[in-house]
Amino acid sequence: MTDLPDKTQQPRLWRSDGWTAQVIKNEDDDGWAVAMTQDGACEPALTGPWTMGRDKKNPKLLDVNAFNTLVKTAREFVRRSEQQLHATLHQSINVAHGTGRVTVCLDITPDDDNPLAVLSAKDDGDELLAQVRVSPAFRLNRASALKWVEDGFAKPV
C-alpha cells in the first residue's frame, strides 16, 4: 500500500479525513465526474457527475465546501450500503406457533468458494429451538418460516 500524504488540496484532487476526491473526465460524454475513494480502498465508493466551470469546457475546481459535501455524501452512501448488505445477510421473522412466538433467522456468510447459510429458530425466551444449514439461496419469508416451524424444524428442501 502506498503511503499517501495526510492532506492534498489541488484543483482536481483533494485528500483529507480518510477520503480522496478526484475530478475525472467522463468517458461517456463531454462532461466531468468526481470519484470519492476511501483510504485503503481500491475502487471509489461513489462516482457522480461534476459541475462544469464557467468556460463550459473544464470542470469546476474543488474547494473545501465541495469536498466536505462530497465526503458527507460518500460516507452516507457507504453506511447505507453496509446496512443493506447486513439486512440481506441477516434476516429474521417472527411467527406465531402454538401458544407463543418463534423467531426464525437466516444468517448468510458470503464466500466465493463455499457460501454458508444457517436457519435457526428461537422461542420467546431466546432459547435455541433448532438450527440447520440451508442453501444461501434459501428465501426466508413468513410462509417459509411458518412451514419450517410446523414441519418440526426438518431441513427445508
Report task. With unit charges on the beta carbon (Lys/Arg positive, Asp/Glu negative), name the residue among Thr73, Cys42, Gly100 whose Cα is farthest towards the positive pole of the charge dipole of the chain. Result -> Thr73
**Report entry** Nearest-0.05 FRET efficiency for Asp113 and Ala41, computed from C-beta distance (R0 25 Å)
**Finding:** 0.60
**Report entry** the range 74-118 pair-distance distribution - Cα-Cα, 5 Å bins, rounded %
**Finding:** 5, 18, 17, 17, 15, 13, 8, 5, 1, 0
Query raised in the report: If the cut-off is a Cα-Cα distance under 26 Å, which lysines reach Lys122, setting aside same-chain residues fewer than 8 apart in sequence?
Result: Lys147, Lys155
Requested in this report: Leaving ligands, DNA and RNA out of it, report the carbon-plus-sulfur percent of the accessible area of the chain at a 1.4 Å probe.
Outcome: 49
**Report entry** Rounded to 10°, Cα long-axis angle of helix 64-89 versus longest principal axis of the chain
**Finding:** 20
Query raised in the report: Using unit Cβ charges (K, R positive; D, E negative) and no other charged atoms, how large, in debye to the nearest 20, is the dipole of the chain about its Cα centre?
Result: 560
Query raised in the report: How much area per residue is accessible in the range 1-145 when the probe is 1.4 Å and only protein heavy atoms are counted (Å²)?
Result: 69
Query raised in the report: What span do the alpha-carbon atoms of the chain cover on each of the three principal axes, reported in whole Å from largest to smallest?
Result: 71, 33, 31
Requested in this report: Hey, for a label at Ser120 modelled as a point 7 Å past Cα toward Cβ, could you say which residues of the range 58-100 have their backbone N under 20 Å away?
Outcome: 85-97
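The values are calculated or read from the model by the stated rules, or taken from the named source; none is laboratory data. Quantities reported herein were computed from a predicted structural model and do not represent experimental measurements. Here Cβ is always computed from backbone atoms with ideal geometry, including for glycine, and neighbour counts include all displayed protein chains. Heads up: the accessible areas ignore ligands, DNA and RNA and are worked out on the full protein's heavy atoms, side chains in. Shrake-Rupley method; radii C 1.70, N 1.55, O 1.52, S 1.80 Å.
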